[in-house]
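Chemist: Got a structure here, written out as structure tokens. Questions coming.
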Amino acid sequence: MGSKQIAQETFDDAVQENITEFEMDPEEAVREAVQQFESQGVDLSNIVKATKSCSLTASSFRLKINSCSLLQTLDSLGRAVADADLAEMAEQLVVFTDQCKEQLAFRYLAGQNGAYSVVFSACQLASGDRNLMLKAFYTLSAILDGQPDILDAAGQDLLLQTLKEYREDAEMTLAGIRCIRHACLKHEQNRQDFVKGGVLPLLTGAIVQHGDSADVVRTASSALRIMTFDDDIRVPFGHAHDHAKMIVLENDGLRVLIEAAKGKINPICEQGCAALCMLALRKPENCNVIMEGGGALAALQAMKHLTFGCPEKVLLVGARSALCVPASYRRGVSLPKMLTPLIYLSPQKQACMLIRNLVSRSRDFSQPILEMGAENLITEARATHKDCDDVAKAALRDLGCKVELRELWTGQKGSLAQ
């Protein structure tokens, strides 16, 4: 994906030029414009790929109608907010949310046309009306998805204040955390601002307060994990490690996540265990705390029930936790049996990378992992998925297994060896 972006107007003008100057039909003009910009390294994920002409066909017609409808809804929502018409505002918020969820290009188009200020005003206007606030926050979450830059300081304060005021309300808490999660993904400054504003105790508190709500626990655990990301390419150095330390030392994050995962056999363990894995990688000594607290055993118990017919991500999380368990902790749980369903490429690659990371940090893990039958599983993954070859070889190498390392290029003329 290219790093450069263009405005919707620039794309529309290029399409129109193809139609008028080169006498292309609308569909061909759109395809030519897409090819032209992509060849220049332009990221078109924010663009509605249709024409301004009325003579549209098929998908271009649908996209253009939907984008026009979105702008019309935004205009209606803006009028309802300006007139303080709460009934109309509630209706338009629901429609606008559904339209924004359709694709990133629509959300970007809405953002470029002032959607954030309208939705933020709707959130303020809805203050005191719980049901209306829920609708407004659902809309805010929808437009923040994929474009966290639009959130400003006032929006951050509103989200933090709402989480504090409605900490006992599971639905409001969930809506607020979803907004924060979207705002912090791939946005380092938002992460730092929220952490400084006190979001970490609010997230861990939500997990404790609403432990019986799978959605709240899963979303809050995911948000905690995102606070430890280094995924914003615009900043040279992030505060991921500092945030991880704050989660563990100041907010008792490990214990909270472990307790939330205990006894659960639903998708709670997916994000909860993923957050534990991230904290363990950020600070490897946390592994001992996770082990002693029963976090790995909780993940293994979940895996025992979720092995068959469950999402691949849940399987992967259980695999990660299982691979962290020394032989003395396993209590008869068979890793090969649990990992057999991991037949998809992405989980296989991630499991191999986790094994490599574990044994490269501590050789003490090598023997327990080998005793669990990891070598055969990695070898099978390597044979099944060619794209898994590099990470599988790295895992086998660091486990001390025999691996054939080939020199793919010797400096001679010609292509790489396959």
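The values are calculated or read from the model by the stated rules, or taken from the named source; none is laboratory data. Keep in mind that what you see is a predicted model, and the values were worked out from it rather than measured. Every residue, glycine among them, receives a Cβ derived from its backbone with ideal geometry; neighbour counts consider all protein chains shown. In case anyone asks, the SASA skips ligands and DNA or RNA and just uses the protein heavy atoms, side chains included. Shrake-Rupley method; radii C 1.70, N 1.55, O 1.52, S 1.80 Å.
Chemist: Can you sort 138, 166 by solvent-accessible area, 1.4 Å probe, largest first? Before the final figure, lay out the partial values.
Modeler: Numbers: 138 85, 166 45 Å².
Descending order: 138, 166.
Chemist: Show me the GluC sites (Glu not before Pro) within the range 110-189 that DSSP assigns to loop and that have at most 15 other Cβ atoms within 10 Å of their Cβ.
Modeler: Filter output for the range 110-189: 168.
Chemist: Continuing with this model, one more query. Quick one: how many Å² of residue 133 are accessible to a 1.4 Å probe, rounded to 10?
Modeler: Using a 1.4 Å probe on the heavy atoms, I get roughly 10 Å².
Chemist: Something else: Once the convex hull of the C-alpha atoms of the range 179-229 is built, how many Å³ does it hold per residue, rounded to a whole number?
Modeler: 61 Å³
Chemist: Turning to a different aspect of this structure: Using mean Cβ contacts within 10 Å as the protection proxy, how do 392-399, 28-35, 174-181 order, highest first? Show your work: numbers first, answer last.
Modeler: Values: 392-399: 21.6, 28-35: 18.4, 174-181: 25.8.
Ranking, from highest mean packing down: 174-181, 392-399, 28-35.
Chemist: Another question, if that's okay. Using alpha carbons only, what's the Rg to Rh ratio of the range 98-236 with Rh from Kirkwood?
Modeler: Working: Rg = 14.1 Å, Rh = 15.0 Å.
Dividing the radius of gyration by the Kirkwood radius yields 0.94.
Chemist: A further question follows. Run through every distinct alpha carbon pair of the range 1-41 and return the Kirkwood hydrodynamic radius in angstroms, one decimal place.
Modeler: 10.4 Å
Chemist: Provide the per residue accessible area, probe 1.4 Å, for the range 128-175, rounded to a whole number of square angstrom.
Modeler: Using a 1.4 Å probe on heavy atoms only, each residue of the range 128-175 averages 41 Å².
Chemist: Taking the alpha-carbon centroid of each part, what is the distance from the range 162-182 to the range 91-155 in angstrom?
Modeler: Cα centroid to Cα centroid, the span is 15 Å.
Chemist: What are the ³J(HN,Hα) couplings of the range 89-97, residue after residue, when phi is run through the Karplus curve with 6.51, -1.76, 1.60 and θ = phi - 60°? Round to Hz, x for glycine and proline.
Modeler: After applying 6.51 cos²θ - 1.76 cosθ + 1.60, I find 4, 4, 5, 5, 4, 5, 5, 5, 4 Hz.
Chemist: Based on the mean of other beta carbon atoms within 10 Å per residue, what is the order of 206-215, 13-22, 142-151, most packed first?
Modeler: Peptide ranking by packing, descending: 142-151, 206-215, 13-22.
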